[in-house]
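To start, the structure under review is shown below, and the notes come after it.
Every number in this text was worked out from the coordinates using simple rules, so none of it is lab data. Just so we're clear, the structure is a prediction, and the values are computed from it rather than from any experiment. Backbone-built Cβ (ideal geometry, glycine too); neighbour counts: all protein chains shown.
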Amino acid sequence: MNEALPKKLFIKTYGCQMNVYDSDRMADALAPHGYIPTQEIGEADLVLLNTCHIREKASEKVFSELGRLKELQTEKRATGGDMMIGVAGCVAQAEGEEIARRAPMVDMVFGPQAYHRLPDMLAKAEANRHMHPALKRAVVDTDFPEEDKFAHLPAAKKDVTIGRGLTAFLTVQEGCDKFCSFCVVPYTRGAEVSRPVAQVLDEARRLADAGVKEITLLGQNVNAYHGEDASGRSVGLGELAYLLAEIPGLERLRYTTSHPRDMDDALIAAHRDLPFLMPYLHLPVQSGSDRILKAMNRKHTAAEYLTLIERIKTARPDMAMSGDFIVGFPGETDADFEDTLKIIRETGYASAYSFKYSTRPGTPGANLPDQVEEAVKTERLARLQALVNQQTTAFHASCVGRTLPVLIERVGRMPGQVGGRSPYLQAVHLEGSTDLIGAIHEVDIIGTSTNSLVGRLKRAIAA
Ligand code: SAM
Ligand code: SF4
């Protein structure tokens with residue numbers, strides 16, 4: 001490896017915030033080995049695709065991206081340059097050797113549990129490059145290691161959050177033991193693992209010291225967090241929130257994504273007691289039909305979900321809800337779908353993500369009879385999204401006339417404007433000088449525009 005000349009690293013990130021966090025950590029892991037990030041794929045010495053397997057045809061999309069990269073690699077080689085290619089993330093975990101076989105120009109294939117071994121893999125892959133092309137094989141690492149990946153990755157620093165320097169993601173938990181029958185996560189990310197409390201607090205302190213005001217804790221099933229403290233006791237997400245609240249400079253905390261079954265009393269109490277825990281909760285229910293919830297292996301009923309929301313809103317009355325929905329799960333009838341619309345009406349969402357069910361090979365859902373026709377899924381999705389859009393619009397409108405604390409994060413789209421986020425994760429635009437950036441200010445909400453709020457500065461409440 002040439003330590004003297006910096007090499008350029010381009011990472012293309014697909015999927016969720018956890019992948020965004022992972023991409024930042026991969027960049028951190030490679031920095032001591034002379035790699036600096038670039039936004040220009042053409043000048044990259046190393047391209048990493050950090051893939052997501054949650055959507056349909058995910059693997060095919062990766063293979064077609066690799067086809068494009070091959071052309072770029074060939075062009076660079078024709079002019080005396082070169083480009084290494086790595087495939088990371090959940091498609092890499094799921095496809096492993098298949099990627100190495102079908103895309104021989106790939107140098108490394110590695111799953112989410114192997115990121116801390118990236119420098120070693122890179123060294124092996126660089127050595128492999130000198131082999132005869134007929135013998136060259138990608139370095140493949142899709143093991144689920146025993147060692148703690150996070151303990152071996154460099155600590156997050158402020159510059160990993162370039163462009164979002166006031167807010168940062170912090171992964172506290174990975175993997176999932178729930179095995180919802182539609183989902184690949186338990187297979188690609190493996191069993192639930194929580195980072196120790198001290199590690200999380202250290203990383204949060206470092207981020208706060210570097211100027212981060214708002215942290216979003218991440219996990220595939222974040223409220224299943226059960227990290228060990230120094231005495232070996234298991235600490236849940238609620239208790240972790242109280243500990244994070246003591247960190248000077250940290251003004252806001254969020255977490256995503258949660259499972260209804262893991263919303264325990266301590267976490268609900270934390271919402272009651274800690275103003276810095278933002279009143280916006282992403283709590284997917286997927287369906288409003290008990291029959292479908294059972295087939296999905298969600299292990300709760302629609303009524304239990306609604307009761308849970310009542311308890312959460314008793315603790316934090318201004319809690320805004322967000323969710324995920326799947327339409328067209330195998331066997332979903334019109335009546336089941338009506339139940340889903342019903343739970344949406346009863347809950348009232350500030351926002352929601354919705355998807356047509358797509359078969360994930362290897363999941364139990366893939367083998368179920370009564371797969372729903374595509375046209376039916378399309379029609380149901382459109383109806384569901386129309387209802388959610390109405391609710392989002394109504395929620396934005398209900399904020400007009402209120403004064404909300406807004407973390408001002410950036411210059412606005414229009415000259416003389418700045419922009420930030422409300423506690424409910426809404427984008428807020430207002431007239432104001434760039435001096436406002438970096439602090440939470442009270443803002444009178446005077447109107448709405450598509451997907452955002454329009455505000456007017458009231459007065460600063462935090463420096
Ligand atoms: N752990 C979270 C939970 O329990 O809801 C969700 C994680 S998953 C990465 C994000 C969302 O993708 C899910 O909530 C679900 O709505 C959607 N999803 C997952 N598998 C899907 C599939 N096979 N078809 C359609 N949507 C799917
Ligand atoms: Fe997937 Fe979430 Fe279910 Fe786990 S809880 S299997 S991540 S949908």
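If you look at the Cα atoms of segment 7-141, you get an Rg and a Dmax of 13.6, 39 Å. For segment 400-457, the mean projected area of the C-alpha convex hull, equal to one quarter of the hull surface, is 3.3 nm².
Average 1/r across all pairs of distinct alpha carbons in segment 200-269, invert it, and you get the Kirkwood radius: 12.5 Å.
Judged by the mean number of other Cβ atoms found within 10 Å, the most tightly packed of the peptides 48-55, 90-97 leads the ranking 90-97, 48-55.
Sequence-distant contacts, meaning Cα pairs under 8 Å at least 6 residues apart, place the relative contact order of the chain at 9 percent. Modelled spin labels at residue 367 and residue 61, positioned 7 Å past Cα toward Cβ, are 2.8 nm from each other. Between residue 230 and residue 375, what FRET efficiency follows from the Cβ-Cβ distance if R0 is 41 Å, with the result rounded to 0.05? Efficiency for this residue pair is about 0.10.
Take the Cα of residue 245, step 7 Å along the line toward its Cβ, and report every residue of segment 262-295 whose backbone nitrogen sits under 17 Å from that point. Inside the label zone: 264-281.
Within segment 273-293, which residues have the backbone N less than 19 Å from the label spot 7 Å out from residue 310 along Cα→beta-carbon, could you tell me? Of the residues in segment 273-293, 285, 288-290 have backbone N under 19 Å from the label point off residue 310. How large is log10 I(q)/I(0) at q = 0.08, 0.11, 0.12, 0.13 Å⁻¹ when the Debye formula is applied to the Cα atoms of the chain, each weighted equally and without solvent? Taking Cα atoms of the chain as identical point scatterers yields -0.52, -0.99, -1.17, -1.33. What the Cβ-Cβ distance of residue 209 and residue 131 gives, at R0 = 30 Å and to the nearest 0.05, is a FRET efficiency of 0.05.
Counting only DSSP beta bridges with both residues in the chain, tell me the antiparallel percent, nearest 5. Antiparallel: roughly 35 percent of the beta bridges in the chain. A straight chain from residue 151 to residue 272 at 0.36 nm per residue would run longer than the Cα-Cα distance by 40.3 nm. Take residue 297 and residue 446, extend 7 Å from each Cα along the Cα→Cβ direction, and tell me the distance between the two endpoints in nm. Between residue 297 and residue 446, the label points sit 5.4 nm apart. Fraction of C-alpha pairs exceeding 27 angstrom in segment 150-398: 41 percent, rounded to a whole number. Principal-axis analysis of the Cα atoms of the chain puts helix 17-30 at an angle of about 40° to the longest axis. Cross-link check: pairs 7/213; 76/136; 7/76; 57/294 evaluated at a Cα-Cα cut-off of 23 Å; pairs beyond the cut-off: 7/213; 57/294.
Rounded to the nearest 0.05, the FRET efficiency derived from the C-beta distance between residue 143 and residue 433 at R0 = 56 Å is 0.60. Once the Cα-Cα distance is subtracted from the 0.36 nm per residue extended length, the residue 338 to residue 202 segment shows a gain of 44.3 nm. The relative contact order of segment 150-398 comes to 16 percent, based on Cα pairs under 8 Å that sit 6 or more residues apart.
Computed extension gain for residue 417 through residue 402, at 0.36 nm per residue and net of the alpha carbon distance, reaches 3.4 nm. Of the GluC sites (Glu not before Pro) found in segment 372-463, the ones in coil according to DSSP and having at most 14 other Cβ atoms within 10 Å of their Cβ are 373. Simple spin-label estimate for residue 39 and residue 177 gives 4.3 nm between the two label positions (7 Å along the Cα-to-Cβ direction from each Cα).
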